[in-house]
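Okay, structure first, notes after.
Just so you know, all these numbers are worked out from the coordinates, no wet-lab data involved. Here the structure is a predicted model, which is why all the values come from computation and not from measurement. All Cβ positions, even for glycine, are placed from backbone atoms using ideal geometry, and neighbour counts span all protein chains on display.
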Amino acid sequence: MRKLILAFAFVLIGTAVFAQKGKVATALSYKESGKLDKAWEAIQETLDPSNPKSEKTLNWSGTWQARGEIIEAIILSKDENYKKLVPNSVEEAFKSYMKAADLDEKGGNQILKLKLVSFSNTLINAAVIAYQANDYVKATDYFEKKLLVDKSPLFKSDATIDTAIIYNTGLAAMNAKLYDKAIAYFIDCTKYGYNGGSCFAQIISAYQQLGTKEDTIKAVETMKIAFEKYPNDQSINVQLINYYITTGQPNEAINYLDKAIAKEKDNSSFYLAKGVALDRLGRQDEAIDVYKKAVEIKPENADAYYNIGVIYFNRGVKQFDVANSVPTTDQVRYDLEKGKADEFFRSAVPYLENAVKYNPNDTYILDQLKNLYYRLKMMDKFDAINKK
């Protein structure tokens with residue numbers, strides 16, 4: 001008699017489990033018919049820890065899979081009332097699907113695998129929407145969740161490396177100012193050779209944004225590695241050149257500028273930068289020649305004209321100091337030395353005039369040109385420029 005009672009009890013338990021799983025099926029049925037509010041209500045009942053009947057469905061992979069499907073349907077719904085049913089819906093759907101994957105003991109649920117593939121697209125779309133709304137922290141989070149889905153045991157046999165998503169995650173992290181995280185993702189991209197030197201450029205930028213002495217060293221090391229790996233990527237060249245110029249290492253800057261010019265002979269900016277580096281080394285005659293090459297390539301290069309003008313102007317100032325050092329009793333020699341200074345000043349005029357011509361809004365250059373006109377007694381030009 002005891003055995004019969006036990007068997008009967010077993011049948012009752014099995015019936016209860018079947019009934020609970022039936023509620024999961026009901027919830028999915030509501031989802032399929034578009035009744036997402038009822039679907040959400042039904043699936044919540046199966047996962048209510050205060051409900052003794054939910055004991056069996058709380059730890060069943062199918063329940064969490066169904067919850068994920070229902071929330072995903074809510075995310076994709078065009079009905080704003082449905083969208084309000086689940087706060088943090090993307091996060092909740094992700095948790096549900098990943099819980100389902102964890103509870104899939106056999107690890108071979110092909111339907112769940114297909115659902116995760118579909119949900120990956122939902123995550124990407126959510127990330128793009130967040131990115132376009134300038135919510136870069138959320139965009140980073142959604143992209144990262146997509147990458148975590150890719151690492152699910154369900155995809156072990158056909159795992160792929162989605163380098164485009166890794167790169168986009170890095171971009172979102174950069175914009176979110178999560179620089180350490182961005183560096184990690186872009187370094188991953190470099191391992192797969194994705195997007196050429198662009199990943200290295202992003203890594204360098206992230207290190208520079210972090211700004212510590214150690215990060216600056218890492219940025220320069222990355223520049224050098226990138227230059228060796230992608231010697232034709234001029235963006236890497238430019239970063240190295242700018243670094244060496246701004247840190248007062250003109251010889252190093254010239255070294256990389258010559259390499260950049262060898263690859264891109266008609267880039268006026270490279271000649272301008274080389275002229276600056278030569279000027280800082282005191283090699284002004286060479287600098288003038290290089291600046292002239294810059295304006296030969298790009299006649300409207302106002303900076304190159306201005307820099308030539310400044311070299312001649314500074315020579316005039318030095319020569320004028322020589323004139324002032326002449327004893328007051330030696331007027332002939334004073335006039336001779338002052339005449340040399342005026343020649344330098346006159347040489348500066350056409351270059352400053354072109355600098356003003358191509359950069360008319362720079363009042364500082366305009367004032368320097370006025371002073372030159374006045375110094376050289378070029379009053380017609382002085383009066384004309386004052387009327388503007």
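Here are the numbers for this structure:
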item	result
For segment 231-298, Kirkwood radius (reciprocal of mean inverse C-alpha pair distance, Å)	11.6 Å
Cross-link pairs beyond the 25 Å C-alpha cut-off, checked among Lys229/Lys298; Lys31/Lys84; Lys53/Lys156; Lys35/Lys151; Lys53/Lys99	Lys229/Lys298; Lys53/Lys156; Lys35/Lys151
Most mobile listed residue (Ala219, Ala294, Ala184) in the chain, GNM with C-alpha springs under 10 Å	Ala184
Computed E for Asn51/Lys106 - FRET, C-beta separation, R0 22 angstrom, nearest 0.05	0.20
Two-decimal Rg to Rh for segment 78-128 - Kirkwood Rh, Cα set	1.04
Principal-axis tilt of helix 163-175 within the chain, Cα atoms, nearest 10 degrees	60 degrees
Least to most buried among Met174, Met378 (fewest other Cβ within 10 Å first)	Met378, Met174
Violating pairs (Cα-Cα greater than 18 angstrom) within the set Lys224/Lys292; Lys83/Lys113; Lys38/Lys83; Lys23/Lys95	Lys224/Lys292; Lys83/Lys113; Lys23/Lys95
Burial ordering of Asp380, Asp342, fewest other beta-carbon atoms within 10 Å first	Asp380, Asp342
Burial ordering of Leu36, Leu281, Leu123, Leu147, fewest other beta-carbon atoms within 10 Å first	Leu281, Leu147, Leu36, Leu123
Normalised alpha carbon radius of gyration of the chain [divisor 2.2 N^0.38 Å]	1.69
Residue of Val220, Val317, Val332 that the Gaussian network model of the chain assigns the largest fluctuation, springs spanning Cα pairs under 10 Å	Val332
Compactness index (Cα Rg / 2.2 N^0.38 Å), segment 69-158	1.10
Between 0 and 90°, nearest 10: helix 36-46 axis offset from the chain longest Cα axis	60 degrees
Orientation-averaged projected area, Cα convex hull of segment 303-388 (nm²)	5.6 nm²
Compactness of segment 179-308 as Cα Rg over 2.2 N^0.38 Å, two decimals	1.14
DSSP loop GluC sites (Glu not before Pro) with at most 16 other Cβ within 10 Å excluded, longest remaining stretch of the chain	106-263
Principal axis box of segment 101-240, alpha-carbon based, largest edge first, Å	52, 32, 25
For segment 20-131, fraction of C-alpha pairs farther apart than 22 Å, in %	28 percent
Between helix 61-76 and the chain: long-axis angle, C-alpha atoms, 0 to 90°, nearest 10	50 degrees
